[in-house]
Amino acid sequence: MINSYIELVKAYPVYSAMLQFALLGTLGDLIGRWIIDRKITLPPGKLTIPFKMIEWAFLAILIKYAFAGFNGFVDALVSHDLLPEPGHFTRAFAVSTAMNLQFGPFLVMMHRLLDNLITGQPNWQNIDKGFMSLLWFWIPAHTVTFTLDKPLQIGLAALWSIVLGIILGFYNRRPPNA
């Protein structure tokens, strides 16, 4: 089964990233909402879930290219003697840190902008929490991600979306009967 998954990811790197994030990113959003609301409900509007899946598929393209680009960025820093030759874990940490500090803020803002377009309501509340998640969640999570073989990285990144949805759901949970 894992070999079939790896072959699919190798054969269709962008499409498989889009599919994984469309499913898992949307599920992470839904689970987070269910935890906050203390009940399982579908979002209002028949098109909300399909639009969320399209949003996550689009974000997956950006993420897939960022993964490749920031691996190359770290390689370039090493080749220009601007970063010492890292070991496996420190290289993963360097790629994760560079990506999340440079690309991460753009992705947080793009994600919120797209959420606002889907809901039709401007909401920039707590955007600072999104930026802070780059430090306390995404740098450590992607450090683990970048220790894996490349075909497994996007799948784990998409799974992290569910984990963050759960964490944020509990963090933002409303009191009972609120």
Have a look at A158, A11, A60 and tell me which one the Gaussian network model of the chain (Cα, springs below 10 Å) gives the largest fluctuation.
A11
Can you give the helix-only mean residue ellipticity at 222 nm for the chain, where every DSSP H stretch with n ≥ 4 adds -39500 (n - 2.57) and the sum goes over all residues, rounded to the nearest 500 deg cm²/dmol?
-25000 deg cm²/dmol
Listed by chain and number, the residues whose amide H is under 5 Å from that of L83, excluding neighbours fewer than 5 places away on the same chain and using placed H, are V78
Rank-order 92-105, 130-143 by packing density, defined as the average count of other C-beta atoms within 10 Å over each peptide's residues, highest first.
92-105, 130-143
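Give, in nm to one decimal, the length gained when the segment between S79 and M1 is fully stretched (0.36 nm per residue of separation minus the Cα-Cα distance). Please report the intermediate quantities before stating the final value.
Numbers: separation 78, 0.36 × 78 = 28.08 nm, distance 3.77 nm.
Additional length available on full extension: 24.3 nm.
Could you pull out the pairs from K39/K64; K10/K46; K64/K129; K10/K39 whose alpha carbons sit more than 28 Å apart here?
Details: K39/K64 33 Å; K10/K46 34 Å; K64/K129 23 Å; K10/K39 38 Å.
Over 28 Å apart, Cα to Cα: K39/K64; K10/K46; K10/K39.
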Tell me, what ³J(HN,Hα) does each residue in the range 11-24 have, in order and in whole Hz, if you take phi through Karplus 6.51 cos²θ - 1.76 cosθ + 1.60 with θ = phi - 60° and put x for Gly and Pro?
6, 9, x, 6, 4, 5, 5, 4, 5, 4, 6, 4, 7, 6
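Please tell me the relative contact order of the chain in percent, rounded to the nearest whole number, where contacts are Cα pairs under 8 Å and at least six residues apart. List each step's numbers first, then the result.
On the way: 173 pairs, mean separation 66.8, N = 178.
So the answer I get is 38 percent.
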Phi-derived 3J(HN,Hα) across the range 114-120 with the Karplus relation (6.51, -1.76, 1.60, θ = phi - 60°), rounded Hz, x for Gly and Pro, is 5, 4, 4, 5, 5, 7, x
Cβ-Cβ cut-off under 12 Å around A98, Lys and Arg +1, Asp and Glu -1: the net charge is 0
Restricting attention to the range 1-110, which trypsin sites (Lys or Arg not before Pro) occupy a DSSP loop and are surrounded by at most 12 other Cβ atoms within 10 Å?
K39, K46
Could you tell me which residue out of G130, S161, I35 lies farthest along the dipole of the range 12-171 toward its positive end? Charges go on the beta carbon: Lys and Arg +1, Asp and Glu -1, centred on the Cα centre.
I35
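Give me the number: length gained by fully extending L113 to L148, i.e. 0.36 nm times residue separation minus the C-alpha to C-alpha distance, one decimal in nm. Mind showing how you got there, number by number?
Numbers: separation 35, 0.36 × 35 = 12.60 nm, distance 3.09 nm.
Full-extension gain reported as 9.5 nm.
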Placing +1 at every Lys and Arg Cβ and -1 at every Asp and Glu Cβ, with all other atoms neutral, what dipole size does the chain have around its Cα centre, in debye to the nearest 20?
700 debye
Once phi is turned into θ = phi - 60°, what whole-Hz ³J(HN,Hα) does the Karplus curve with 6.51, -1.76 and 1.60 give for every residue of the range 41-52, x standing for Gly and Pro?
9, 8, x, x, x, 5, 9, 4, 5, x, 5, 5
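Readers should treat all values here as calculations from the given coordinates under stated rules, not as data from a laboratory. Nothing here was measured: the structure is a model prediction, and the numbers come from that model. Note that we place each Cβ from the backbone using ideal geometry, even for glycine, and neighbour counts take in every protein chain shown.
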